[in-house]
Amino acid sequence: MNPLGLLTAALGERVDTSLPALEQARADRSGHAASRRPLAVVHAESVADVQAVMRIATETRTPVVVRGAGTGLAGAANAGSGEIALSTARMTAVREIRADDLLAVVEPGILNADLNAALAPHGLWWPPDPASREISTVGGNIATGAGGLLCAKYGVVRDAVLGVDVVLADGRLMRFGHRSVKGVTGLDLTSLMIGSEGTLGVIVGATLKLRRLTEGTICTITATFPSVRAAAAASAAVTAAGVQPAIMELMDAASLAAVSALLDLPVPPAGTAQLTIQTDGPAAEAEAQAVEAVLSAHGGTVQVSHDRAEGERLLTIRRSMHAAMAALGTTLIEDVSVPRSAMPAMFDEIARIEREHGLSIPTVAHAGDGNLHPNFVFEGSEVPDGVWRAADDLFRAAIALGGTLTGEHGIGTLKSRWLAEELGEDQWELQRQIARVFDPLGILNPGKVFSAHA
Ligand SMILES: Cc1cc2nc3c(=O)[nH]c(=O)nc-3n(C[C@H](O)[C@H](O)[C@H](O)COP(=O)(O)OP(=O)(O)OC[C@H]3O[C@@H](n4cnc5c(N)ncnc54)[C@H](O)[C@@H]3O)c2cc1C
């Protein structure tokens with residue numbers, strides 16, 4: 001049976017075999033692409049469309065790669081030869097907003113920023129705020145377990161989803177989770193779907209846990225330090241002091257220099273690292289004072305602003321990191337996470353890896369939650385072996401410090417070869433068996449996450 005013929009008969013023009021669509025579906029934003037084009041891109045517009053695709057895929061044993069906006073950084077949404085790229089980007093409806101229950105029911109294709117624009121008039125927001133919030137979908141955010149700048153205080157996707165509707169590989173529709181605040185009935189399959197990277201099912205709906213918009217002022221504190229270690233130690237001290245900033249971002253000297261060049265800002269003295277911190281809510285000013293004291297005690301040169309526009313301008317420097325790296329070459333953006341107290345030690349490890357591998361590794365960090373993004377910049381489209389060796393060293397260092405391979409971007413194709421090393425053989429096998437229960441034929445995102453293990 002020809003899957004393309006069956007798809008076209010069932011879904012008509014929603015099956016797209018145009019060259020631009022196929023080319024686009026080969027790649028996400030990781031800098032990596034499948035070596036060949038997929039069979040077709042299906043633009044699902046309803047749950048029934050998704051079910052039809054999955055039934056045909058099961059019948060014909062055709063692999064399916066689910067895609068949101070394709071902004072992922074792990075290669076997980078890249079669709080290749082013989083595969084169906086199933087896009088949920090057109091499923092953008094907000095089905096329900098309940099201010100009394102602090103929840104919203106949405107389709108997966110709505111962009112994170114569009115959802116928040118719809119929630120704002122109700123005095124509500126959905127806290128996960130990846131830097132890609134203007135361009136990434138809620139379904140993609142859930143499937144990657146996305147995080148962002150505000151997550152140290154307001155939580156990541158995992159803290160903000162009550163339930164998901166999922167179409168399984170064979171086309172059955174399941175509803176996992178609940179609408180109540182509490183709910184411990186049976187196993188937590190909602191949790192299992194978060195960060196599952198398209199390997200367990202297609203998310204076709206989500207019941208999201210909302211917050212009321214935060215009242216009060218926002219204070220922005222910037223502090224420069226003579227070394228990245230000093231900045232990391234200061235951020236760990238802020239956490240240890242019991243203050244909870246909404247945002248705490250760290251930029252090392254190379255990142256700061258690259259962004260300064262991009263934005264035409266004065267060049268900071270060599271070696272200068274920076275922390276940008278925001279406090280919010282009714283206690284913002286008192287917390288800003290407490291943060292200022294800790295940073296000064298740790299040798300920081302500190303400035304505090306109470307002006308929101310100025311705060312946004314200061315954060316733009318941090319948000320320009322992706323663009324600054326892209327201006328230098330092709331980037332492998334890494335994503336290790338360590339316990340917050342281990343941040344200074346992790347920066348020591350990065351300095352060692354730079355020395356031993358003869359590389360510069362500009363690094364930014366969500367310092368409030370110990371999540372670091374070391375960037376490897378290189379020429380051309382293939383990651384050079386030397387960069388992979390340095391990345392390998394980086395992953396092992398993070399794991400040795402009690403950390404993990406990925407804090408928010410996922411495993412995808414880029415990190416699958418290290419998965420068993422962190423999980424151990426038994427857990428790797430257990431996880432793969434769980435995936436097989438959801439997808440016995442192995443047609444959901446094959447070759448991703450669990451693949452490259454011998
Ligand atoms: C400039 C930039 C900044 C970024 N900043 C951040 C950041 O701060 N924090 C962060 O966490 N990430 C960040 N990212 C990475 C990326 O935006 C996130 O991983 C995002 O959650 C991906 O959403 P998407 O809609 O683009 O998903 P895609 O890239 O299309 O897909 C990602 C994964 O989700 C799966 N998937 C997508 N939709 C569904 C669905 N409906 N059902 C089942 N599986 C699905 C795919 O199969 C794939 O495995 C950034 C990316 C860029 C380009």
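The values are calculated or read from the model by the stated rules, or taken from the named source; none is laboratory data. These numbers were taken from a predicted model, which means no experiment stands behind them. Note: ideal-geometry Cβ built from the backbone for every residue, glycine included; neighbour counts use all protein chains shown. These area figures cover heavy atoms from the full protein model, side chains too; ligands, DNA and RNA do not enter into them. Shrake-Rupley method; radii C 1.70, N 1.55, O 1.52, S 1.80 Å.
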Could you please state how large a percent of the accessible area of segment 191-279 is carbon and sulfur, counting protein chains only and using a 1.4 Å probe? 59 percent
I'd like the orientation of helix 284-297 relative to the chain: the angle between its Cα long axis and the longest Cα principal axis, in ° from 0 to 90, rounded to 10. 60 degrees
On a 1.4 Å probe surface of the protein chains, which of Thr199, Thr404 comes out largest in accessible area, and what is the full order? Thr404, Thr199
Rounding to the nearest 20 debye, state how big the charge dipole of segment 269-383 is about its Cα centre with +1 on each Lys and Arg Cβ and -1 on each Asp and Glu Cβ. 140 debye
If eta is 1.002 mPa s and T is 20 °C, what Stokes-Einstein diffusion coefficient results for segment 1-157, Kirkwood Rh from Cα pairs, in µm²/s? 131 µm²/s
Total lysine pairs under 26 Å (Cα atoms) in the chain, excluding pairs fewer than 8 apart on one chain: 4
Solvent-accessible area per residue for segment 329-454 (1.4 angstrom probe, square angstrom): 41 Å²
How much of the accessible area of segment 400-454, in percent, comes from carbon and sulfur atoms when a 1.4 Å probe is used? 54 percent
Between segment 56-97 and segment 403-445, the Cα center-to-center distance that results, in Å: 18 Å
Might you tell me the accessible area per residue for segment 79-181, computed with a 1.4 Å probe and given in Å²? 36 Å²
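Can you bin segment 128-183 into rounded, prolate or oblate? Criterion: square roots of the alpha carbon gyration tensor eigenvalues sorted a ≥ b ≥ c, rounded for a/c under 1.5, prolate for a/b above b/c, oblate for the rest.
oblate
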What are the ³J(HN,Hα) values, in whole Hz, obtained from phi via the Karplus relation 6.51 cos²θ - 1.76 cosθ + 1.60 with θ = phi - 60°, for each residue of segment 187-202 in sequence order, with x given for Gly and Pro? 6, 8, 6, 4, 4, 5, 6, 6, x, 7, 6, x, 9, 10, x, 9
To the nearest 0.05, how large is the calculated FRET efficiency for Glu425 and Val184 if R₀ is 22 Å and r is the Cβ-Cβ distance? 0.10
Does segment 321-454 classify as rounded, prolate or oblate by the C-alpha gyration tensor (a ≥ b ≥ c root eigenvalues; a/c under 1.5 gives rounded; else a/b over b/c gives prolate, otherwise oblate)? prolate
So what's the angle, to the nearest 10 degrees on a 0 to 90 scale, between helix 308-319 and the longest Cα principal axis of the chain? 70 degrees
Measure nothing but the geometry: give the 0 to 90° angle between the long axis through the Cα atoms of 253-263 and the longest principal axis through the Cα atoms of the chain, rounded to 10°. 80 degrees
Hull surface over four for the Cα convex hull of segment 71-159, reported in nm², is 6.3 nm²
Theoretical ellipticity at 222 nm over the chain - DSSP helices of four or more residues, -39500 (n - 2.57) apiece, nearest 500: -10500 deg cm²/dmol
Given a 1.4 angstrom probe, what's the average accessible area per residue across segment 195-304, in square angstrom? 39 Å²
For segment 57-179, which whole-number percentage of the solvent-accessible area (1.4 Å probe, protein heavy atoms only) is attributable to carbon and sulfur atoms? 50 percent
Placed amide H near Leu162: partners under 5 Å, 5+ positions off or other chain: Thr207, Leu208, Lys209
Considering the chain, what Rg and Dmax in Å follow from its alpha-carbon atoms? 22.2, 71
Grab the other residues whose beta carbon is less than 10 angstrom from that of Gly205, score K and R as +1, D and E as -1, and report the net. 0
Looking at segment 295-402, which GluC sites (Glu not before Pro) are in a loop (DSSP not H, G, I, E or B) and have at most 13 other Cβ atoms within 10 Å? Glu379, Glu382
Using mean Cβ contacts within 10 Å as the protection proxy, how do 258-267, 26-35, 134-143 order, highest first? 134-143, 26-35, 258-267
Sort segment 26-81 into rounded, prolate or oblate with this rule: let a ≥ b ≥ c be the square roots of the eigenvalues of the Cα gyration tensor; rounded if a/c is under 1.5, and if a/c is not under 1.5, prolate when a/b is larger than b/c, oblate otherwise. oblate
Separation of alpha-carbon centers, segment 254-318 and segment 173-214, rounded to whole Å: 36 Å
